[in-house]
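The values are calculated or read from the model by the stated rules, or taken from the named source; none is laboratory data. It should be emphasised that the depicted structure is a prediction, and the values quoted were computed from it without experimental measurement. Reconstructed Cβ throughout: ideal geometry from the backbone, glycine too, with neighbour counts over all protein chains shown. Ligands, DNA and RNA are stripped out before the accessible areas are found, and what is left, the full protein with its side chains, is counted by its heavy atoms. Shrake-Rupley method; radii C 1.70, N 1.55, O 1.52, S 1.80 Å.
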Amino acid sequence: MKIKGLRWWIIALIGLATVINYVDRTAFGVMWPEMGKDLGMDEADYAVMLNVFMVTYAAGKFLSGKLYDQIGTRLGFTVSIVVWSLSAVFHAFARGLVSLSIVRGFLGLGEAGNWPGAVKSNGEWFPVKERAIAQGIFNAGASLGSVIAPAFIAVLYSSFGWRTTFIILGGIGLLWVIPWLFVNKTTPENHSWITEEERALILNDRIKKTSAVNNSKEKGLSVAQILKFKEAWGVLVTRFFIEPIWWLFVGWMPIYLNSKYGFSIEQIGATLWISYLGGMAGSILGGWFCGKLMQTKTVDTARKIVITIGASLIFLGLLGIILLVKGNDPMMFIYIVGVVLFGFQFAIGNIQTISSDLFSGPSVGTLAGLAGTIAAVSVIIMNWLIPKITVESYTPAFILIAVLAPLAVVSLYVLIPKIKPVELEN
């Protein structure tokens, strides 16, 4: 049996896993107003929970990157989603700060693997010119999950309560493993379902890249070896600056809408999806636009144009929130956040893909995982700061992350003068 476009089936399944990933993590924020009351916890406890998740998420990015390089994307994704799905189920049995911290920690550890796994899989299954759109499809899963999650969770919560909702969500993740293991049997070199045309498209591009780095027999680089390259630091620093922008809204927007505008769980579910719809559109369009640019421009030029446009939209959107949103107009806030998230997702897919532009083979997962860890550290810092700087207003938080967007772009241009395969020593 041969399947045309098998690589698109692979990325579609990864995109679906990302939808599940974001539904599972969004459930906590959406249902927190009621969970907090039931468990006798307050907003300070919520901040602790966010950082427990992010600490293990940070560790999980690096550890899973190394794991995927060792056991491959097929088994790596299986391990990740089983861990986070079981953790979601065990949320139902939490009784307080300690037990909830444990299950949140394991959720972060499992969910972290989704990102380095996707970058590595795209490097295996897609030629260079298609990687941005593949990453865009994958990242669209994050936005789609965020679009679906508020309304879906509100319905489940209204019908079953928050404990049973977590059990249902975990069960959905475990079911995903079945089609994944069935379709993703092995790599493109050996997959019996791939057509010869598709195999040649993928491998010819990869062979050309391998030749470019004078590394015909690829062996994964150590972290120390990777960090000898200025370009690797460019990936890390850019991710450090840009990541908190997304997570401010993912982690704190439900709380902000509840505390500032008095939104209930049902109201959050009815409106929050609008902002994430912008993020979903940005994921797809950022990848598509980069692919179009590559028809006439170099990888370096195309990626940097798209990333610069995305960062500009982030900055302008945050200025709009600071200057235009009034205290009694929550929908204006929702719409402008949609612009910010569009800009973020327009840019981030191309930033994440740079790991596979610079390195190949086993080194990609290591760098992508390390970048994810560094990004998570910056989010931990932000989560620690938010309760301290938002006592009177969230405006200081919006100003802070507005500054991060141009810093990310400057880091990219300074540390990665040209996006191309690095020159490895023989």
> Which order do Tyr261, Tyr335 take when ranked by solvent-accessible area (1.4 Å probe, heavy atoms of all protein chains), largest first?
Replying inline: Tyr335, Tyr261
> Could you give me the ³J(HN,Hα) list for the stretch 241-253, computed from phi with Karplus coefficients 6.51, -1.76, 1.60 and θ = phi - 60°, whole Hz, x at Gly and Pro?
Replying inline: 6, 8, 4, x, 4, 5, 6, 4, 7, 5, x, 10, 5
> Can you run phi through the Karplus equation (6.51, -1.76, 1.60; θ = phi - 60°) for the stretch 344-354 and list ³J(HN,Hα) in whole Hz, with x for Gly and Pro?
Replying inline: 4, 6, 4, 8, 5, x, 6, 5, 5, 6, 4
> Given Cα pairs under 8 Å that are at least 6 residues apart, what percent is the relative contact order of the chain?
Replying inline: 28 percent
> When you count, for each residue, the other Cβ atoms within 10 Å and take the mean per peptide, how do 8-15, 355-362, 384-391 rank with the highest first?
Replying inline: 355-362, 8-15, 384-391
> If you line up the long axis of helix 395-415 against the longest principal axis of the chain, both from Cα atoms, how many degrees apart are they, to the nearest 10?
Replying inline: 10 degrees
> Applying 1/(1 + (r/R0)^6) with R0 = 60 Å to the Cβ-Cβ distance of Lys418 and Ala44, what FRET efficiency is obtained, to the nearest 0.05?
Replying inline: 0.85
>> Quick check: the angle from helix 162-183's long axis to the longest principal axis of the chain, C-alpha only, nearest 10 degrees?
In response: 10 degrees
> Given the protein chains as shown and a 1.4 Å probe, how many square angstrom of Met49 are accessible, to the nearest 10?
Replying inline: 0 Å²
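Taking the Cα centre of the stretch 1-128 as origin, work out the dipole magnitude from +1 charges on Lys and Arg Cβ and -1 charges on Asp and Glu Cβ, in debye rounded to 20.
The dipole of the stretch 1-128 has a size of about 680 debye.
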> R0 = 25 Å: FRET efficiency of Ser159 with Met332, Cβ-based, nearest 0.05?
Replying inline: 0.20
> Tilt of helix 97-111 relative to the longest C-alpha principal axis of the chain, in degrees (0 to 90, nearest 10)?
Replying inline: 30 degrees
> From the phi of every residue in the stretch 138-143, what ³J(HN,Hα) in whole Hz does the Karplus formula 6.51 cos²θ - 1.76 cosθ + 1.60 yield, where θ is phi - 60° and glycine or proline is x?
Replying inline: 4, 5, 4, x, 5, 6
> Fully extended, how many nm does the chain gain between Lys37 and Lys185 (0.36 nm per residue separation, minus their Cα-Cα distance)?
Replying inline: 48.7 nm
>> For the ranges 172-178, 249-255, 270-276, 409-415, what's the packing order if you count other beta-carbon atoms within 10 Å of each residue, average per peptide, and put the highest first?
In response: 249-255, 270-276, 409-415, 172-178
>> Run the numbers for Lys297 and Leu175: contour at 0.36 nm per residue of separation, minus the present Cα-Cα distance, in nm.
In response: 39.7 nm
>> Projecting each Cα onto the charge dipole of the chain (Lys/Arg +1, Asp/Glu -1 at the beta carbon, about the Cα centre), which of Trp9, Pro417, Thr164 comes out farthest on the positive side?
In response: Pro417
> What residues qualify as long-range amide H neighbours of Leu227, i.e. H under 5 Å apart, gap of 5 or more or another chain, H built at 1.01 Å from N?
Replying inline: none
>> Of Ile153, Met31, Thr56, which is farthest towards the positive pole of the stretch 18-163's charge dipole, taken about the Cα centre with +1 and -1 on the beta-carbons of Lys, Arg and Asp, Glu respectively?
In response: Thr56
> How about the stretch 1-110: which trypsin sites (Lys or Arg not before Pro) there are in a DSSP loop, with at most 15 other Cβ atoms within 10 Å of their Cβ?
Replying inline: Lys2, Lys4, Arg95
> Where the only charges are on Cβ atoms (+1 Lys, Arg; -1 Asp, Glu), what is the dipole of the chain about its Cα centre, to the nearest 20 debye?
Replying inline: 880 debye
> Quick one: putting +1 on the C-beta of Lys and Arg, -1 on the C-beta of Asp and Glu, what dipole do you get for the stretch 255-399 around its Cα centre, in Debye to the nearest 20?
Replying inline: 220 debye
